[in-house]
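Peer 1: Quick one: the structure is below, questions incoming.
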Amino acid sequence: MRILITAGGTREPIDAVRFVGNVGTGATGIALAQEAVRRFHTVQLLSGTGSVEPAQWALDTGLLAVETFTSASDLLDRTVRLLEDYRFDAIVATAAVADYAPVLVDGKIGSTLDELTIRMIPTPKIVDRMRVLAPEARLVSFKLESGVSPSELFCRARTSMARSGADLTVANLLEGHGRPDHSAWLVHGDGDPIAVPTRAKLATCLLDYLEAGQDR
């Protein structure tokens, strides 16, 4: 199986030296990529600048190829190119993509201003493009929310899944983000969400799901 995985956060430039980032580390995507390689699948990983790096053993297998992206627009360009050039059986969009990007200022903004206002505009919804470009691939999206109840989280995950055409959405809360025991839920169809207690278990569950759909 050939799998495309996006991982890590985006960096949206403000000017020539500053950027807006987020808390995405790429750890979930890396764990998934390594589990896929362990099962002898071919993986193309798009990893955000500054993300966690794959283990050397995974790179040494020759089954894992890595490209680094910076901004949401850069990730979109790389995603489009790969999906136009290759056939992927599955796509897992774990990357933490900025919802908004600053309007870029030429050069460097001065450091003596009393106040600075940054205007931001929406970024493209990359996961929505994935289904259009790869209609036959199994698509897994991620939905991160904060300060909402699990039921509201699941509702938002289903809305996102319907818009993007994803087959499965991994829903999780910002609270506890970054811990190895950070739990998530697998949201699919009309069934009850399935709780997954750890990042390592999530990688296993997602690979099991993707492998089960190989012959659909």
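Every number in this text was worked out from the coordinates using simple rules, so none of it is lab data. Given the structure is predicted, the values throughout are model-derived calculations rather than measurements. All Cβ positions, glycine included, derive from the backbone under ideal geometry; neighbour counts span all protein chains shown.
Peer 1: I'd like the antiparallel share, as a percent to the nearest 5, of DSSP beta bridges with both residues in the chain.
Peer 2: Working: 11 of 38 bridges.
That works out to approximately 30 percent antiparallel.
Peer 1: Additional query: Helix 72-85 versus the longest principal axis of the chain: what is the Cα-based angle in degrees, 0 to 90, to the nearest 10?
Peer 2: 40
Peer 1: Can you spot the lysines whose alpha carbon is less than 25 Å from residue 125's alpha carbon? Ignore those fewer than 8 places along the same chain.
Peer 2: Cα-Cα hits under 25 Å: 143.
Peer 1: What is segment 95-182 by shape, rounded, prolate or oblate, if you read a ≥ b ≥ c off the alpha carbon gyration tensor as root eigenvalues and call it rounded for a/c under 1.5, prolate for a/b larger than b/c, and oblate otherwise? It would help to have the intermediate numbers written out before the result.
Peer 2: On the way: a/c = 2.71, a/b = 1.57, b/c = 1.73.
Here segment 95-182 falls in the oblate category.
Peer 1: Per 0.36 nm of contour for each residue apart, how much would the distance between residue 53 and residue 23 grow if the chain were fully extended, relative to their Cα-Cα spacing? Write down the numbers at each step before the final one.
Peer 2: Details: separation 30, 0.36 × 30 = 10.80 nm, distance 1.56 nm.
9.2 nm is the gain from fully extending residue 53 to residue 23.
Peer 1: Which of 95, 195, 33 ends up with the largest GNM mean-square fluctuation for the chain, with Cα atoms connected below 10 Å?
Peer 2: In the Gaussian network model the winner is 195.
Peer 1: Please give the helix 150-164 orientation as an angle from the longest Cα principal axis of the chain, in degrees from 0 to 90, rounded to the nearest 10.
Peer 2: 90
Peer 1: Let me ask something else. Sorting 97, 20 on the 10 Å Cβ count, fewest up front, what's the list? Don't skip to the end; give the middle numbers.
Peer 2: Details: 97 25, 20 16.
Ascending Cβ contact count within 10 Å gives the list 20, 97.
Peer 1: Moving to a separate point now. Return 57, 185 ranked ascending by Cβ neighbour count within 10 Å, so the fewest neighbours appear first.
Peer 2: Details: 57 11, 185 21.
Least crowded to most crowded, the residues run 57, 185.
Peer 1: Next question, about the same structure. Using the count of nearby Cβ atoms within 10 Å as a rough guide to exposure, how do 30, 126, 109 rank from fewest to most? It would help to have the intermediate numbers written out before the result.
Peer 2: On the way: 30 26, 126 21, 109 14.
The fewest-first ordering by Cβ neighbours comes to 109, 126, 30.
Peer 1: Something else now. Need one number: nm distance between label points at residue 38 and residue 100, each 7 Å from Cα along Cα→Cβ, rounded to one decimal.
Peer 2: 4.0
Peer 1: Enumerate the amide H contacts of residue 196 below 5 Å, restricted to partners 5 or more residues apart or on another chain; note that Pro and chain-start residues carry no placed amide H.
Peer 2: 184, 185, 186
Peer 1: Follow-up question, since we're still on this one. Evaluate the charge dipole of the chain about its Cα centre and quote only its size in Debye, nearest 20, assuming +1 on the Cβ of each Lys and Arg and -1 on the Cβ of each Asp and Glu.
Peer 2: Details: 22 positive and 27 negative charges, 36 e Å.
In total the dipole reaches around 180 debye.
Peer 1: Need the full-extension length gain, residue 162 to residue 133, defined as separation in residues times 0.36 nm minus the C-alpha distance. One decimal, nm. Could you put the intermediate results ahead of the total?
Peer 2: On the way: separation 29, 0.36 × 29 = 10.44 nm, distance 1.65 nm.
Gain on extension, residue 162 to residue 133, equals 8.8 nm.
Peer 1: Right, something else. Once you keep just the Cα pairs under 8 angstrom separated by 6 or more residues, what percentage relative contact order results for the chain? Don't skip to the answer; put the middle values down first.
Peer 2: Working: 419 pairs, mean separation 43.2, N = 216.
The value is 20 percent.
Peer 1: Between residue 152 and residue 112, what is the label-to-label distance in nm when each label sits 7 Å out along the Cα-to-Cβ direction?
Peer 2: 4.6
Peer 1: Still on this structure: Mind checking the angle between helix 199-212 and the chain's longest principal axis? C-alpha axes, 0 to 90 degrees, to the nearest 10.
Peer 2: 50
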